[in-house]
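The values are calculated or read from the model by the stated rules, or taken from the named source; none is laboratory data. What you are looking at is a predicted structure, and each value in this text was computed from that prediction instead of being measured. In this analysis, Cβ positions are derived from the backbone assuming ideal geometry, glycine residues included, and neighbour counts consider all displayed protein chains. Surface accessibility is based on the protein's heavy atoms, side chains included, excluding ligands, DNA and RNA. Shrake-Rupley method; radii C 1.70, N 1.55, O 1.52, S 1.80 Å.
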Amino acid sequence: MKKFAVFGNPIAQSLSPTIHKMFADQVGESISYEKILAPEDGFIDAANVFLAQKDAVGCNVTMPFKLDAFNLAKVDDQAAKDAQAVNTLMKGDNGDVLGYNTDGIGLVNDLLNSGVEIKGKRVLLIGAGGAARGVISPLLEAGAASLTIANRTKAKAEEVANAASNAKVQVVSLADIATVKPHIIINSTAASLNNELPCSLQDGVLDKCDVVYDMVYKNSPTRFMREAATLGVETQIDGLGMLVEQAAEAFYIWTGKRPHTKHVIEYLKKAVE
């Protein structure tokens with residue numbers, strides 16, 4: 001039986017075991033998948049102990065350990081290099097621990113599955129943390145016409161944009177986001193967890209906006225999603241589909257089998273609600 005796990009602190013709330021067991025049943029894999037609460041200063045030791053087991057194949061990594069996982073792993077994955085963060089680890093054939101970041105692919109696939117056209121669109125990304133860094137390359141590869149980063153601290157957004165080293169990546173202050181005239185706005189901050197807005201949606205910010213996407217998911221639409229809907233934005237999407245899609249990409253990395261995600265997302269939406 002192939003062994004997998006997800007590391008985090010906290011970790012009790014994780015849906016990853018449910019998701020991966022549904023994937024495994026779908027494609028005929030026999031797996032175990034556990035949640036592991038690692039000490040805040042003890043992730044690398046805990047991950048090494050887990051991966052040293054004979055049947056261990058890989059693990060997922062959530063907050064606050066994605067940077068630690070990046071430092072532990074051998075990383076050839078561009079999204080992980082961009083983010084300086086790893087959410088998927090796998091034992092390599094020669095004993096290396098390989099690191100990947102599947103968050104951006106998860107976001108793009110969820111947008112596409114939701115019928116959102118990315119190609120040729122202006123994307124506004126709110127936030128400049130690891131979650132934002134990891135989605136830049138996949139969004140550009142999906143054909144975004146431009147990707148503008150806005151963050152509470154503009155200097156941090158500029159640092160992320162400079163690291164991306166792509167002329168399509170720009171920066172504005174939060175006060176000036178209306179000048180972007182975005183078609184798609186993505187909230188990568190944790191503001192919604194505190195029932196706060198990540199940015200103002202007034203003063204013309206939404207004039208051209210068709211889609212708002214919140215990486216947070218809750219048992220009901222977030223304040224960001226509700227306000228955008230009230231102001232006339234046609235499509236509002238939360239991060240539950242991204243969670244499932246990034247897991248599907250990790251599962252594919254580990255097993256070479258690509259699971260279908262639609263039924264899993266529908267099941268989890270009902271469970272979360």
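Computed quantities for the displayed model
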{"read-out": "Estimated dipole of the chain in Debye, rounded to 20 [Cβ of Lys and Arg +1, of Asp and Glu -1, Cα centre]", "value": "220 debye"}
{"read-out": "Area of K91 that stays accessible when all protein chains are in place (1.4 Å probe, Å², to 10)", "value": "70 Å²"}
{"read-out": "Nearby aspartates and glutamates by direct alpha-carbon distance to K74 (threshold 15 angstrom, same-chain neighbours under 8 apart not counted)", "value": "D82, D93, D96"}
{"read-out": "For T179, solvent-accessible area (1.4 Å; no DNA, RNA or ligand), Å²", "value": "100 Å²"}
{"read-out": "Fraction of beta bridges assigned by DSSP in the chain that are antiparallel (%, nearest 5)", "value": "15 percent"}
{"read-out": "With all protein chains modelled, accessible area of F251 [1.4 Å, Å²]", "value": "0 Å²"}
{"read-out": "Extended-chain gain in nm, criterion 0.36 nm per residue less alpha-carbon gap, S165 and D41", "value": "41.4 nm"}
{"read-out": "Equivalent ellipsoid semi-axes, the stretch 39-122, via Cα gyration tensor eigenvalues times 5, rooted, Å", "value": "28, 13, 12"}
{"read-out": "Efficiency of FRET from Cβ geometry, N71 and V27, R₀ 35 Å, rounded to 0.05", "value": "0.65"}
{"read-out": "Residue-averaged 222 nm ellipticity for the chain, from DSSP H runs of 4+ at -39500 (n - 2.57), nearest 500", "value": "-11000 deg cm²/dmol"}
{"read-out": "Viscosity 1.567 mPa s, temperature 4 °C, Stokes-Einstein D of the chain from Kirkwood C-alpha radius, µm²/s", "value": "68 µm²/s"}
